[in-house]
Amino acid sequence: MGYEGLYRELDMDVERHQELMDLLFDVYKELFLSRKNRPQGMAYFDGLMAEIHGKRIEELMEIKKQGKPLVGTFCIFVPEEIVVGAGGACYGLCGGAQFSIPDAETHLPRNICPLIKSAYGFKLQRTCPYTQISDVIYGETTCEAKKKTWELLGKLHRVYVMHIPHKKGDVEKDLWRREIEGFMRQVEELRGSPITYEELKKGIEVVNAKRRAMRRLYSLRSANDTVPITGLDALLVNQIAFYDDPERYAAKVNELCDELEERINQGISVFPKDAPRLLVAGTPMAPPNWKLHSVAEEAQAAVVAEEACIGVRYFRDDVDTEGCETVGDLLEALLERYMKIDCACFTPNDERVQHILDMCREKRVDGVIYYTLSFCHTYNVESKKVMDALKAEGIPVLRIETDYSMEDVEQIRTRVEAFVESLR
Ligand code: BJ8
């Protein structure tokens with residue numbers, strides 16, 4: 001209860017929040033802290049998780065007191081470079097836990113995506129300090145359930161909705177350009193002063209450096225037959241990218257990567273050399289959603305990559321600022337970069353299929369698990385195209401549709417174990 005004063009200042013339900021933290025700690029201890037042979041560099045990320053609702057919230061409070069903007073998001077489409085350039089913080093909001101879903105279902109239908117219900121439930125419960133501390137929450141129009149939920153969320157918190165295009169033609173590019181400009185104006189309004197060219201460029205450089213560090217981890221985690229870090233740990237590092245200070249985070253990921261290089265040189269692998277290698281493709285896994293990775297790796301398969309927004313989709317592309325001389329040029333560079341995102345909300349979205357095939361080759365995977373959250377129609381429907389393409393290439397694929405409850409975990413375990421066995 002060391003942060004009780006802070007939580008009360010944020011109008012949180014302190015008792016329920018403690019219940020949540022107790023539950024999380026037990027899961028974390030079992031899945032992460034009890035594992036052997038983890039890189040030492042994971043200690044930083046364990047520490048950050050221990051303080052994710054503590055010290056990190058104090059840091060955000062400090063930023064807030066300086067009059068800099070705090071922006072909470074649910075989608076990698078929100079251009080965080082603008083907020084970072086303004087000296088503020090842009091972070092993901094809690095939305096990966098079953099804990100808040102029963103509360104959400106008092107307002108929302110049961111048959112919508114758990115990610116949305118979880119996030120909305122946290123606001124109803126007042127148990128997510130990131131939500132409570134946000135000056136503004138940025139929602140988007142990527143899917144039906146999200147865009148209608150923002151109308152309800154807007155009654156509980158200040159919400160701004162970005163219109164994300166669903167195609168990639170010139171008309172949609174114009175729309176997205178206006179949305180980015182509108183976002184920048186909102187951030188400037190929150191701060192009370194315009195964002196300069198130097199500030200925006202700096203914001204872009206900071207986020208580019210973070211993405212570079214994540215790409216380095218991505219390539220090292222399965223450089224050859226040596227797998228120096230579990231998929232579960234790598235997923236955790238990717239999840240923390242959405243909460244931590246971006247400069248400190250990049251430095252710590254690079255330190256971890258130095259250690260992984262050393263492990264690879266020494267042949268230290270967390271899996272036997274012949275362990276099947278898996279790619280997980282699909283919807284994002286917000287913390288504490290570690291269900292599939294833990295089941296797959298307990299079956300002795302190595303998860304070597306995530307084709308997801310908490311994964312490659314977030315860090316694949318940098319913002320290219322070469323030749324940018326004005327704020328307008330930088331915004332155009334942001335536009336180009338963000339239009340490369342291959343979310344299933346786009347139609348057509350053929351580049352996603354190609355990206356998955358490329359990843360399978362690059363990572364020499366033995367099989368793919370196509371993971372989709374229940375009632376996510378875009379990723380669910382798109383699974384047909386992805387699975388057909390994989391089958392045509394002779395790459396085995398297993399499709400798992402699930403939510404955040406643990407009710408189906410044994411059923412998933414049975415299916416994953418049989419799949420892994422078939423890959424051996
Ligand atoms: S860019 S994947 S983070 S929208 S909420 S679409 S799971 S039904 S999260 Fe996403 Fe942005 Fe796309 Fe990435 Fe489906 Fe659920 Fe909707 Fe979801």
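The values are calculated or read from the model by the stated rules, or taken from the named source; none is laboratory data. Bear in mind the structure is a predicted one, so any value in this text is a computation, not a measurement. For neighbour counting, all protein chains shown are included, and Cβ atoms are generated from backbone atoms with ideal geometry for every residue, glycine included. Each accessible area value is taken on the protein alone, full model and side chains, heavy atoms only, with ligands, DNA and RNA left out. Shrake-Rupley method; radii C 1.70, N 1.55, O 1.52, S 1.80 Å.
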Q: Please report, to two decimal places, log10 I(q)/I(0) for the chain at q = 0.06, 0.08, 0.10 Å⁻¹ as given by the Debye formula with identical point scatterers on the Cα atoms and no solvent.
A: -0.23, -0.42, -0.67
Q) How much length, in nm to one decimal, is gained on full extension between V171 and D26, taken as 0.36 nm per residue of separation minus their Cα-Cα distance? A) 47.2 nm
Q. For E298, what is the net charge nearby, where nearby means another residue's Cβ is under 10 Å from its Cβ and Lys, Arg count +1, Asp, Glu -1?
A. -1
Q. How much of the accessible area of segment 4-201, in percent, comes from carbon and sulfur atoms when a 1.4 Å probe is used?
A. 51
Q.
Give the lysines reachable from K65 as a straight Cα distance under 19 Å; neighbours fewer than 8 places away on the same chain don't count.
A. K55
**Q.** Farthest toward positive dipole pole in segment 223-351 [+1 Lys/Arg, -1 Asp/Glu at C-beta], among S269, A299, I240
**A.** A299
Q | Efficiency of FRET between E181 and R424 - r from beta-carbon atoms, R0 60 angstrom, step 0.05 | A | 0.65
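If you stretched the chain out fully between K273 and E247, how much longer would it get, using 0.36 nm times the residue separation minus the C-alpha to C-alpha distance?
Once the chain is fully extended between K273 and E247, it gains 5.9 nm.
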Q. Based on DSSP H runs of at least 4 residues, each adding -39500 (n - 2.57), what is the mean residue ellipticity at 222 nm of the chain after dividing by all its residues, to the nearest 500 deg cm²/dmol?
A. -16000 deg cm²/dmol
Q.
Mean-square fluctuation check for the chain, GNM, Cα pairs under 10 Å: which of A308, A89, A392 is largest?
A. A392
Q. Suppose every K and R has +1 on its Cβ and every D and E has -1 on its Cβ; what is the size of the dipole of the chain about the Cα centre, in Debye to the nearest 20?
A. 480
Q. Given K147/K340; K117/K252; K29/K252; K202/K291; K123/K210, which pairs have Cα atoms separated by over 26 Å?
A. K117/K252; K202/K291; K123/K210
Q) Stretch A50-Q300 to full length: gain in nm at 0.36 nm per residue minus the Cα-Cα span? A) 87.3 nm
(Q) Between R35 and K391, what is the label-point separation in nm under the 7 Å Cα-to-beta-carbon projection? (A) 3.2
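Can you divide the C-alpha Rg of segment 4-201 by 2.2 N^0.38 Å and report the result to two decimal places?
Working it through for segment 4-201, the quotient is 1.10.
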Q: Let me know the charge dipole size of segment 4-201 about its Cα centre in debye, to the nearest 20, where only the beta-carbon of Lys, Arg (+1) and Asp, Glu (-1) is charged.
A: 420
Q.
Modelling each spin label as a point 7 Å along the Cα-to-Cβ direction, I'd like the E351/E261 distance in nm, to one decimal.
A. 3.0
**Q.** Charge dipole (the chain, unit charges on Cβ, about Cα centre) - positive-most of C113, C128, G92
**A.** C113
Q: State the Cα centre-to-centre distance between segment 127-187 and segment 84-116 in whole Å.
A: 14
Q. Which FRET efficiency value, to the nearest 0.05, do you get for E19 and R361 by plugging their Cβ-Cβ distance into 1/(1 + (r/R0)^6) with R0 = 51 Å?
A. 0.65
Q.
If you scale each eigenvalue of the Cα gyration tensor by 5 and take the root, what three semi-axes come out for segment 205-356, rounded to whole angstrom and sorted largest first?
A. 29, 19, 13
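What is the Å³ per residue value for the convex hull set by the Cα atoms of segment 107-153?
Given the Cα convex hull of segment 107-153, per-residue volume reads 75 Å³.
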